[in-house]
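Before any comments, here is the structure.
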Amino acid sequence: MKSTVNYLKRFAAAAVALLFVTSVLFADGEANEVYLAGATNTVAGDYVITGTDDVYHFQGQEFTVYNVYYDNPSHNMKIAVADNEECKSYIAYTDGYWFMYNCTKEGFGVRKAMFNSAAVRDGFDAREYHDQTILVKTRKIEKDQAVGLIASYLPKLQG
């Protein structure tokens, strides 16, 4: 009986140690829980959005950053969200491009674009950019809906 109790204590200690070691090994400092998921109906495929601990700074504002992962990793990007405004500003970016989305009296959509080279710019469709200036005809939009719309529609800009 005594040997069974000792065996159970050793097993419990080993299980707790294993749990601790695996949680330390897989911790990478980022909040990786899924924030949102959906489909794009493009070659980018489905997407998953996760939160991060990163902060994006733009024009004196701090933006919360989300990672967007697609089935086709060449479309992966980040979305920065300014939470301190009535209609939040959103910046979708990679090393090659930067798109700003926000609200106007006409609705929510893409407003500005910047590219790090002419070759990157030529990979985007100007007509589709024009079509996405109004994604939703409302003056206010919830953060979840806005981030989902950006993740769904931005791959359509790439020609």
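Quick note: the coordinates plus some simple rules give every number you see, no bench work behind them. For clarity, every value in this text was computed on a predicted model and none was experimentally measured. Don't worry about glycine lacking a Cβ; one is built from the backbone with ideal geometry, like all the others, and counts go over all protein chains shown.
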Let me know the whole percent of all Cα-Cα pairs from region 26-159 that are separated by more than 24 Å. 25 percent
Can you compute the modelled spin-label distance between D46 and Q61, with each label point 7 Å from Cα toward Cβ, in nm? 3.2 nm
May I ask for log10 I(q)/I(0) of region 86-159 at q = 0.18 Å⁻¹, from a Debye sum over the Cα atoms as equal point scatterers with solvent left out? -0.65
Distant-in-sequence amide H partners of A37 (H built 1.01 Å from N, under 5 Å): I49
In square nanometres, what is the average projected area of the Cα convex hull of region 51-126? 6.2 nm²
Semi-axes in Å, largest first, for region 49-91 (Cα gyration tensor, √(5λ)) are 22, 10, 9
